[in-house]
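Notes follow the structure.
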Amino acid sequence: MTPRRKRLLIICLSVAGLAIAAGLILTAFEKNLMYFYSPTEVAEGAAPESRPFRLGGMVVDGSILRQPQGLGVFFTVTDYAHERVVYYEGILPDLFREGQGIVANGQLNDTGVFVANEVLAKHDENYMPPEVADAVAAGKARSGASDGTPAGNL
Amino acid sequence: MFAFLHKYASLMHFYRLSARWSGWLALATALLMAYGLYGGLVTAPADYQQGDSFRIIYIHVPSAWMSLFVYMCMAGAGAIALVWKIKLAEIWLRASAPLGASFTFLALVTGSIWGKPMWGTWWVWDARLTSELILLFLYLGIMALDNAIEDRRTGARAAAVLTLIGVVNIPIIHYSVEWWSTLHQGPTVSKLDRPSIHIDMLIPLLVMAFAFTTFYFAAALARVRGGILAYDRNTNWVRDLVGRGTVRGHG
């Protein structure tokens, strides 16, 4: 084996070894790398009960309920399998609306409501002009696709 | 075959051959960028959700792509430098590092500026943002290691080793939005099943990506040519080139 071949082999093996090590480490820390929990995970008890965590989901159409006084707002987030009611007091981001993906940071209270101290909007990976978006929505309405097709991704 | 390759890899031949490349690439960059910026900022329609704010995509996304592309070029150069001991590859790696770091910095800063109005925050520690920040630290580490070692060739080899170690981060950055739930949205352009960006918005984005690529090669070539003169400063051809017998330098 020429020294050149040997060096090439050493480099390939080292990079492969590093990749495997990185893969194992990332698999071990899987849970910690998740930025948020879905309502299903919360329902299954996978999310921490007594300390803050992040909850991600789509805002359910017609679920936004503003308090008559103050900045308090109730809304429901869903992953199309489970839902969770969220309460938040504060200014919501520009993109916050029905059907929008959001990530809320907070804690569950005794009644199972997620009390958020921060709400971030998660925009989807679709970019289109408003006319096209309207046409897509109209097309969906015509074909009767109101069965909860996700407006964006989670 | 190998004699032919070695001729290209020879610093003197490469220096003479590449005399005009940088200029042509710079011209291509100027034309592509003018077209891309006009397309992105003027002719592309506003987004249905984000309005005109989405236009920062024309800087953010090409910078982020380049931050990965430059790193892969450096990793390739690093492997060639370590296995075949080709000086040109060492010089290319060294010349690319500050450019890659700049693209990464630009991607992080524009992402932050975009994140504040849209997400509601400048920064979150999700998998995509964190792995991109690690990439910036890798670039800075490679530059620091290279400069910390007195002997040029030893420094270049150490930098090449660190570059190859950092390669594991590249697929992590790319797939982070698919492997883990992140605040950053999933891929738009590399998704094949259905187009998620309107064609009028996509074309300027691709043109800008080409412009950033030609810019990288123009800037890297100019830096490589400078690096070649520094490497070979005590050889006859550089002395002849400069004309005065000696090229003064240190280090």
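We did not get these values from a lab; they are worked out from the coordinates using the rules stated. Just so we're clear, the structure is a prediction, and the values are computed from it rather than from any experiment. Heads up, the Cβs are rebuilt from the backbone with ideal geometry, glycines too, and the neighbour counts pull from every protein chain shown.
The calculated FRET efficiency for residue B:116 paired with residue A:109, based on their beta-carbon distance and R0 = 41 Å, is about 0.90. Were the residues from residue A:131 through residue A:44 laid out at 0.36 nm apart, the gain over their Cα-Cα distance would be 27.3 nm. Helices in chain A, meaning DSSP H runs of at least 4 residues, each add -39500 (n - 2.57). Divided by all residues, the mean residue ellipticity at 222 nm is -9500 deg cm²/dmol. Lysine pair count for the protein assembly as shown with Cα-Cα distance under 18 Å and sequence separation of 8 or more or different chains is 4.
In sequence order, the stretch A:35-45 has phi-based couplings of 6, 8, 9, 8, x, 5, 5, 5, 5, 7, x Hz under the Karplus curve 6.51 cos²θ - 1.76 cosθ + 1.60, θ = phi - 60°, and Gly or Pro positions carry x. At a Förster distance of 45 Å, what's the computed FRET efficiency of residue B:234 paired with residue A:22, Cβ-Cβ distance as r, to 0.05? Calculated transfer efficiency: 0.60. Charging the Cβ of each Asp and Glu at -1 and of each Lys and Arg at +1, and nothing else, the dipole of the protein assembly as shown about its Cα centre rounds to 2900 debye.
When both the stretch B:118-171 and the stretch B:204-221 are represented by their alpha-carbon centers, they are found 21 Å apart. Each Lys and Arg contributes +1 and each Asp and Glu -1, all at the Cβ; summed about the Cα centre of the stretch A:35-142, the dipole is approximately 100 debye. Residues of the stretch B:147-167 with an amide N closer than 16 Å to a point placed 7 Å from the Cα of residue B:85 along the Cα-to-Cβ direction: B:152-158. Around the Cα centre of the stretch B:55-242, unit charges on the Cβ atoms of Lys, Arg, Asp and Glu (plus for the first two, minus for the last two) sum to a dipole of about 340 debye.
For residue A:63, what charge total do you get from the other residues with a beta carbon under 9 Å from its beta carbon, if Lys and Arg give +1 and Asp and Glu give -1?
-3
Classify chain B: rounded, prolate or oblate, from the alpha-carbon gyration tensor (a ≥ b ≥ c, eigenvalue square roots; a/c under 1.5 rounded; otherwise prolate if a/b is larger than b/c)?
Judged from the Cα gyration tensor, chain B comes out prolate (a/c at least 1.5, a/b above b/c).
Spin-label model, residue B:140 to residue A:65: label points 7 Å out along the Cα-to-beta-carbon direction sit 4.9 nm apart. What does the net charge come to around residue A:100 if you take all other residues with beta carbon closer than 12 Å to its beta carbon, with K and R at +1 and D and E at -1? That sum, taken over residues with Cβ under 12 Å, equals -2. For residue B:96, neighbours were defined as the other residues whose beta-carbon sits under 14 Å from its Cβ, and their charges (Lys and Arg +1, Asp and Glu -1) total +1.
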